[in-house]
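Accompanying notes for the structure given below.
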Amino acid sequence: MERRKFIRNSLALVTPTMISGNAIHVLQDHPLLNTSLLSTSNTDKVLVIVQLSGGNDGLNTVIPLSNYANYQNARTNIALPENKVLKLMGNNATGIHPSMTAFQNMFTDGKLNIVQSVGYPQPSFSHFRATDIWMSGSDSDQYLNTGWAGRFLNYEYADYPDAYPNKTNPDPIAIQIGSLSTLTCQGPAVNMALSISDPSSFYNLIEGTDAVSANTNAGYELSFIRSIAKQTNLYTVRIKQASDSVTQQVAYPNNNLAAQLKIVARLIKGGLQTKVYLVNYGGFDTHSGQVVSSDTTTGSHANLLKVLSDSIAAFQSDMTGLEIEDRVIGMTYSEFGRRIKSNASGGTDHGAAAPLFLFGKNVRGGVFGENPAIPAAATSNDNIPYQFDFRSVYNTILQNWFCVSATAEIEILLKQFPTIPLINASVCGIKDKNSVFTKETLIYNYPNPFTNMTKIEFKTNGGNTSLLLLNGEGTVIQILVEANYSFAGTNSYILYGAGLSAGVYYIRLQNVDKTSIKAIVKI
Amino acid sequence: MSLAPKTSALGLNTYKGNWTSLHSKHLLNRTLFGAKASDIEYFKTKGLMASIDELLNVQTSALPPPLNEYNSTTFTDPNVPSGKTWVNDITTDGTINSNRRNSYKKWLISVWVGQERNIREKLSLFWSNHFGTEADTIGYGSMIYNHHQIFRNNCVGNYKQIVRLVTTDPAMLRYLNGYLNTKTAPDENYGRELQELYTVGKEGGAKYSEEDVKNAAKVLTGWRIDANFNSIFDSTRHDTTNKTFSSFYKGTTITGKTAANGALETDELLTMIFQKTELAKFICRKLYRYFVYYYIDNTIENNIITPLSNIFIANNYEIKPVLKTLLSSEHFYDTLYIGCQIKSPIDHVIAFLRQYEIIFPNSVTDYADSYFLHNYMVNQLISMGQNPVDPPNVSGWPAYYQTPDYNKLWINADTLPKRNKFTDLMIDTGYTRNRKKIIVNTIQFAKNVCANPSDPNQLIESVFSFLVSTEIAASLKASLKNQILLSGQTSDYYWTDAWNAYDSNSTTFNFNIVNTRLKSLLKYIMNLPDYQLQ
């Protein structure tokens, strides 16, 4: 007999009691028995995290038109023709890859934003380590066993998973599509994301199909254990119901990412109160042949970006059609960007900072941050330095989307990171911070290039101010200034060339939540 | 999908096919509580017959007996000091015995985990379950210890001898009220179970009568337990009348005997019972269900059970020839039976500890911490439904006899998550006592099971072929490799680089990168329903 049927049939008979040591009574008012709890008027906010595995080539995704000559010079064999780069409405300095027409439209609609040069101070060029850093939200020399979203969800649901699901929280609090749980949602004790450890994978669950067992006695016993495993997962019934309840969706393109996002859309609309969904799309490790040399707007990287842009656009339009776009945003990320200079095999090697995308009705459209500074003669070691710490993006989502208090930030992110005004301020009723972005030049140095010394002048509005020196690889090598100024004004710092080898360096200014980057050259 | 159990037409002829690690693992899964990678390799090298000879040879080093590890700030055993064995101390004190019963269970775990390369512990559990006594009912620690030592010492010996020893074993006299069985107030309890559960059984045409039960009880009157916990025969309580049995026993009469000779009637009773061919078949069916598969139809009955019982009888109820024939048969190695048993909780927990070669503190020199950590395993077994040496009743655990479900009874919506939680916990955080930790060493495990763990394909193949016996879809292996070992990357060398980086420079960072991925991989595999089979 199926467990649910058994429970129902047993209600009249079973008063709160123990059967074979199992407290059956708790199941009497188990939320699974009440399908009406699936909410149709849910107001919970949802985050969809789109992981792009492999390290996406940010420079060929978001193109610095204002610095096109240096860009073209650094990657002659893969550079996108200036006239093919898609323009962004109201922004002449920055464009996006020609295959991302869907993103271009979303940008026009104000449902897409671009955050430039996201990274961290000591970038790791290892896929594994960099992925762990992004997922855990750690410093690069710090090892965390928990994920940033896991700590957030643990903060919200401290008692998970004991006595879950329950009436207040009948649904998985996070879902990893594709069944394998990752570090992102790992909490202090357990992984907060549902992973269905049944070989009849997530898709089988949604489709209602079963895995095939071998025609042996082992296969016979196995199908029995699988049936129990399915009943055992208290969430499977709700997931199936939520998924089945959605009958009308927009057309999605036929690819793996779109398939995942389509399921996410069904589950959100179907009434699950799940807060975080994780989807994954791989293949961004483009060391060679990322473009077709006869037409650099085509090739494997173009295909990846087309899938990304078309799939997310379909998802966004589905959100609109399903009338849930008010409460869903998404972000993309990749473990790192790629090198400024392309290699001889028509590809790019592991790099440092890269742009990421936020999408949704409640994100603030636009480009946030400056175009990356590309040296006139980039060498094969040169990287894009980070303008925004990736944890600033996380913190923005926590504080300005999930409306987590600033005090909780320390508990979740373990440090303070300034927020960026990426999300409509009205969501959490916060003060508009658009003043963070300014066309004003905040850093100036002379001479540049320099040999013996250069004088760096930087503007501050007062308050916490740091001036960092990064090498060409994008790694912080020296803290030049760290101060809390009482007054606004221009300050200066003399940087001596002794001890610095010739090459590109970057000055990164952070004044409270304003950031700026300037490339300098030692000769 | 397979909807019903299947029967192999292969019989008891010796298996002549290739002897591979798959066969070695299958044999060990059924004769040990799980195997280490080195065990599988060892017996693979030995070949079939030499392996079986070694597994059936249980002449091994004596076990250090269970100790007083239970003295505490609130309780002190007045008779046995801390760290000394209690098995020879006679006491009826409830608190002391309660502690000793628990001590026995913890000790038992350590014996199972540390078992040598032979069938003794697996087969002793079979006999313990067959003569399903409950430690909780027997009560006295020393009796419980001695009762189970009968099985440990005679597991591959003579079955008639085992029944004889059990019949007047103080623990059994206590458990089935034999010590209260007197000529004025006969107690039929043991006389019934002796026939129904221990010898001829009820199935397959055994038609002993209720009179036979009463007469067997009369034969057995007079056995008592003295103050030193020895069994003695008290002729004043013995029924000296003649006992005439039914036609099932060919109308055999056991002549009533007086004084000390009354005890000889017990041997005559067993001689009479052991003339029934039903007995050999009954035991052979039970052995078949324990070592091969529970499903027995006419084909199995004719091809396996009958010839096996003939061997049993022809060898005067010696157990070893029966097992040797069964375990070396082409039937035993038919792919239909590879991996078809659902693990008992004992199989699940102990096999886990052995497969991962979990190292406990020494149970003699560091007994306090050792027993404490072993107690955690006892509690796991209890929560999963198999309290060691405390089966639910005289029939043993239902999963070993209850038709038609048999071992399916171990798995339900309560116990399956507990099994998964246990393996998750042992991989993730382990269990700690006084800073002594038992936890899976993922990297050592990878090295143990795989010759070249830096190759993610070989690693996944090796881990699967070591941990499960079923066919795993190539797509699942590919997705585990891609999503876990490669963290979504498409090139194998990212795992290879990470492994080699750790291998050449074991910094915490390098360790963590490899360890977190191995943990995820192993947890995933251990949570597959396939891992529940052996």
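The values are calculated or read from the model by the stated rules, or taken from the named source; none is laboratory data. Since the model is a prediction, treat every value here as computed from it, not as a measurement. Methodologically, a virtual Cβ is constructed for each residue, glycine included, from the backbone with ideal geometry; neighbour enumeration extends over all protein chains shown.
Does B:L459 meet the test of being closer than 21 Å to B:D424 by Cβ and either in contact with a Cys (Cβ under 6 Å, 6 or more places away or on another chain) or not in a helix (DSSP H, G or I) (or both)? Give the steps one after another, and end with the answer.
Numbers: closer than 21 Å to B:D424 by Cβ: yes; either in contact with a Cys (Cβ under 6 Å, 6 or more places away or on another chain) or not in a helix (DSSP H, G or I) (or both): yes.
So B:L459 passes the test.
Working carefully through the options B:S491, B:S475, B:S504, find the one that is surrounded by fewer than 16 Cβ atoms within 10 Å (Cβ to Cβ), over 26 Å from B:F360 (Cα atoms), without any contact (Cβ under 8 Å) to a residue 12 or more places away in the chain and away from chain A (no Cβ under 11 Å).
Result of the check over B:S491, B:S475, B:S504: B:S504.
In this structure, does A:S138 turn out to be of a type outside the set (K, R), in the same structural domain as A:K275 (by TED's automatic domain parsing), in a strand (DSSP E or B) and within 17 Å of the chain's Cα centre (by Cα)? Even if it seems obvious, please write down each step before you answer.
Details: of a type outside the set (K, R): yes; in the same structural domain as A:K275 (by TED's automatic domain parsing): yes; in a strand (DSSP E or B): no; within 17 Å of the chain's Cα centre (by Cα): yes.
No; evaluated as a whole, the condition is false for this residue.
Just for segment B:16-33: of the residues that are surrounded by 19 or more Cβ atoms within 10 Å (Cβ to Cβ) and more than 14 Å from chain A (Cβ to nearest Cβ), which one is farthest from the chain's Cα centre (by Cα)? Step through it out loud before you land on a result.
Our first condition is that a residue be surrounded by 19 or more Cβ atoms within 10 Å (Cβ to Cβ); within segment B:16-33, this holds for B:19, B:23-33.
Among the residues that remain, those that are also more than 14 Å from chain A (Cβ to nearest Cβ) are: B:19, B:23-24, B:27-28, B:31-33.
On the way: B:W19: 25, B:H23: 20, B:S24: 19, B:L27: 14, B:L28: 13, B:T31: 9, B:L32: 8, B:F33: 7 Å.
Filtering segment B:16-33 for residues that are surrounded by 19 or more Cβ atoms within 10 Å (Cβ to Cβ) and more than 14 Å from chain A (Cβ to nearest Cβ), the one farthest from the chain's Cα centre (by Cα) comes out as B:W19.
Is at least one residue of segment B:24-35 closer than 16 Å to B:F291 by Cα and aromatic (F, W, Y)? Break it down into steps so the answer makes sense when it comes.
Residues of segment B:24-35 that are closer than 16 Å to B:F291 by Cα, as a first pass: B:24-35.
In the following step, the residues that additionally are aromatic (F, W, Y) were identified as B:33.
For segment B:24-35, residues closer than 16 Å to B:F291 by Cα and aromatic (F, W, Y): present.
Residue check: is B:L533 at pLDDT 95 or above, at the interface with chain A (Cβ under 8 Å from one of its Cβ atoms) and under 38 Å from the mean Cα position of the chain (by Cα)? Spell out the reasoning first.
Details: at pLDDT 95 or above: yes; at the interface with chain A (Cβ under 8 Å from one of its Cβ atoms): yes; under 38 Å from the mean Cα position of the chain (by Cα): yes.
Criteria met by B:L533.
Just to check your reading of the model, which residue among A:A189, A:A242, A:A193 is more than 7 Å from every other protein chain (Cβ to nearest Cβ) and modelled with pLDDT of 85 or more?
Selected residue: A:A242, the only one of A:A189, A:A242, A:A193 that is more than 7 Å from every other protein chain (Cβ to nearest Cβ) and modelled with pLDDT of 85 or more.
Select from segment A:108-142 the residues that are basic (K, R) and touching a residue at least 12 places away in the same chain (Cβ under 8 Å) and list them in ascending order.
A:K111
Contact list please: Cβ distance under 9 Å, first residue in segment A:475-488 and touching a residue at least 12 places away in the same chain (Cβ under 8 Å) and loosely packed, with under 14 Cβ neighbours inside 10 Å, second residue assigned to a strand (DSSP E or B) and of a type in the set (K, R), pairs at least six apart or on different chains.
A:A488/A:K459
For segment B:298-415, give me every one of the helices (runs of 4 or more DSSP H) that falls completely inside it and has 1 or more residues that are under 30 Å from B:S110 (Cβ atoms) and either hydrophobic (A, V, I, L, M, F, W, C) or not assigned by TED's automatic domain parsing to the domain that holds B:N177 (or both). Please lay out each step first, then the result.
Details: elements: B:306-314, B:319-327, B:345-355, B:367-384.
Output list reads B:319-327, B:345-355, B:367-384.
Give the number of residues within segment A:297-352 that are touching a helix residue (DSSP H, G or I) at 6+ places or on another chain (Cβ under 6 Å) and among the β-branched types (V, I, T).
Of the residues in segment A:297-352, 4 are touching a helix residue (DSSP H, G or I) at 6+ places or on another chain (Cβ under 6 Å) and among the β-branched types (V, I, T).
It is to be established whether one or more residues within segment A:264-286 are farther than 22 Å from A:I177 by Cα and crowded, with 17+ Cβ neighbours inside 10 Å.
For segment A:264-286, residues farther than 22 Å from A:I177 by Cα and crowded, with 17+ Cβ neighbours inside 10 Å: present.
How many residues are small (G, A, S), under 16 Å from A:A314 (Cβ atoms) and out of contact with any helix residue (DSSP H, G or I) (no Cβ under 6 Å at 6 or more places or on another chain) if we restrict to segment A:254-286?
The number of residues fulfilling the criteria is 1.
In this structure, is B:S469 at the interface with chain A (Cβ under 8 Å from one of its Cβ atoms), among the small types (G, A, S) and over 25 Å from A:N280 (Cβ atoms)?
Here the answer is yes, as B:S469 does meet what is asked.
For the subset of segment B:317-376 comprising residues that are within 14 Å of another protein chain (Cβ to nearest Cβ) and more than 20 Å from the chain's Cα centre (by Cα), which member is surrounded by the fewest Cβ atoms within 10 Å (Cβ to Cβ)?
B:T335
Scan A:F103, A:F125 and give me the residue that is within 14 Å of chain B (Cβ to nearest Cβ) and either surrounded by 24 or more Cβ atoms within 10 Å (Cβ to Cβ) or not in a helix (DSSP H, G or I) (or both).
Answer to the selection: A:F125.
May I ask you to list the residues in segment B:419-447 that are among the aliphatic types (A, V, I, L, M), under 17 Å from B:Q532 (Cα atoms) and surrounded by 18 or more Cβ atoms within 10 Å (Cβ to Cβ)?
B:M426, B:I427
Let me confirm something: among A:A373, A:A353, A:A377, A:A344, which residue is surrounded by 23 or more Cβ atoms within 10 Å (Cβ to Cβ) and not basic (K, R)?
A:A353
Determine, yes or no, whether B:E278 is of a type in the set (D, E) and either touching a Pro at 6+ places or on another chain (Cβ under 8 Å) or surrounded by 19 or more Cβ atoms within 10 Å (Cβ to Cβ) (or both).
Yes.
Among B:T253, B:T299, B:T271, B:T244, which is β-branched (V, I, T), modelled with pLDDT of 95 or more and closer than 30 Å to B:Q534 by Cβ?
Exactly one residue qualifies, and that residue is B:T299.
Based on this model, can you work out whether A:L52 counts as in contact (Cβ under 8 Å) with a residue 12 or more places away in the chain, surrounded by 23 or more Cβ atoms within 10 Å (Cβ to Cβ), within 14 Å of chain B (Cβ to nearest Cβ) and within 30 Å of A:T131 (Cβ to Cβ)?
Here the answer is yes, as A:L52 does meet what is asked.
Yes or no: A:D132 among the charged types (D, E, K, R) and buried (at least 24 other Cβ atoms within 10 Å of the Cβ)?
yes
Name the pairs whose Cβ atoms lie under 7 Å apart, with the first residue in segment A:203-226 and more than 7 Å from chain B (Cβ to nearest Cβ) and surrounded by 18 or more Cβ atoms within 10 Å (Cβ to Cβ), the second at pLDDT below 90 and not in a helix (DSSP H, G or I), and 6 or more positions between them or separate chains?
Pairs that qualify, where the first residue is more than 7 Å from chain B (Cβ to nearest Cβ) and surrounded by 18 or more Cβ atoms within 10 Å (Cβ to Cβ) and the partner is at pLDDT below 90 and not in a helix (DSSP H, G or I), are A:L205/A:I196.
How many residues, within segment A:465-517, are part of a strand (DSSP E or B), of a type in the set (S, T, N, Q) and under 29 Å from A:L422 (Cβ atoms)?
Of the residues in that region, 10 qualify.
Answer with yes or no whether B:T95 is modelled with pLDDT of 95 or more, of a type in the set (S, T, N, Q), in a helix (DSSP H, G or I) and more than 22 Å from the chain's Cα centre (by Cα).
Taking the combined requirement at face value, the residue satisfies it.
Of the conditions (1) aliphatic (A, V, I, L, M); (2) over 20 Å from B:L123 (Cα atoms); (3) in contact with an Asp or Glu (Cβ under 8 Å, 6 or more places away or on another chain), B:L416 fails just one. Which one is it?
B:L416 satisfies all of (1) aliphatic (A, V, I, L, M); (2) over 20 Å from B:L123 (Cα atoms); (3) in contact with an Asp or Glu (Cβ under 8 Å, 6 or more places away or on another chain) except (3).
Can you name the condition, by its number, that A:Q142 falls short on among (1) crowded, with 17+ Cβ neighbours inside 10 Å; (2) within 11 Å of chain B (Cβ to nearest Cβ)?
Failed condition: (1).
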